[in-house]
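**Q** Following this message is one structure expressed as structure tokens.
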Amino acid sequence: MARVLHVHGMGVDVTRVLDHPCEAIPVSDRLPGDPSTRALRAMTPRCPMGGVHAMAIAERSIPATRAEGRDAIAQNGGVRNLIVPPGCTIPTQTPTAALRAVVEEAKALAAAA
């Protein structure tokens, strides 16, 4: 069984891979046509991965990045069985602080749950 089945692209049809054995399915949920975290959660019991816009993270403010992480967690119904990374590869100039902000937000929400 694959651990992670990366579904790449914009406007992907995730339903075509739902039967593939894996533990987590990452998608670029912030891109047009890709399923949201909420939609992916409704389609499969597998762990959704995503929530942060991969290309925008390099230029967005830290509060905006944290807000995306919170939104993904809210769509999932909490932090359980969710991984909140950028939806795909991030620009090399992405500030480390932006990535830390997502981790800190998830940890804070997990501690409050």
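**Q** Nearest 20 debye, what's the magnitude of the dipole of the chain about its Cα centre given +1 on Lys and Arg Cβ and -1 on Asp and Glu Cβ?
**A** That gives the chain a dipole magnitude of about 220 debye.
**Q** For helix 96-112, report the angle its Cα long axis makes with the longest principal axis of the Cα atoms of the chain; keep it between 0 and 90° and round to the nearest 10°.
**A** 70 degrees
**Q** Round to the nearest 10 and give me the degree value, 0 to 90, for the angle of helix 62-76's Cα axis relative to the longest principal axis of the chain.
**A** Result, in degrees: 30.
**Q** With only Lys, Arg, Asp and Glu charged, each at its Cβ (+1 for the first two, -1 for the last two), find how big the charge dipole of region 56-108 is about the Cα centre; round to the nearest 20 debye.
**A** Dipole magnitude for region 56-108 comes out near 140 debye.
**Q** Per-residue HN-Hα couplings for region 25-39, Karplus 6.51 cos²θ - 1.76 cosθ + 1.60 at θ = phi - 60°, whole Hz, x for Gly and Pro?
**A** Coupling constants for region 25-39: 10, x, 9, 8, 5, 8, 8, x, x, 8, x, 6, 4, 4, 5 Hz.
**Q** Another question, if that's okay. Show the residues, 5+ positions off or on another chain, whose built amide H is closer than 5 Å to the amide H of Val52.
**A** Gly87
**Q** Now a separate question. Quick check: the distance between the Cα centres of region 86-113 and region 55-76, to the nearest angstrom?
**A** For region 86-113 versus region 55-76, the Cα centre distance is 8 Å.
**Q** What residues of region 51-69 lie in the reach of a label at Thr92, counting those whose backbone N is under 17 Å from a point 7 Å from the Cα along Cα→Cβ?
**A** From region 51-69, the list is 55, 58-59.
FYI, it's all coordinate maths here, none of it is from the lab. Owing to the predicted nature of the structure, the values given are computational and were not obtained by experimental measurement. A quick note on method: Cβ atoms are made from the backbone with ideal geometry, for glycine too, and the neighbour counts reach across all protein chains shown.
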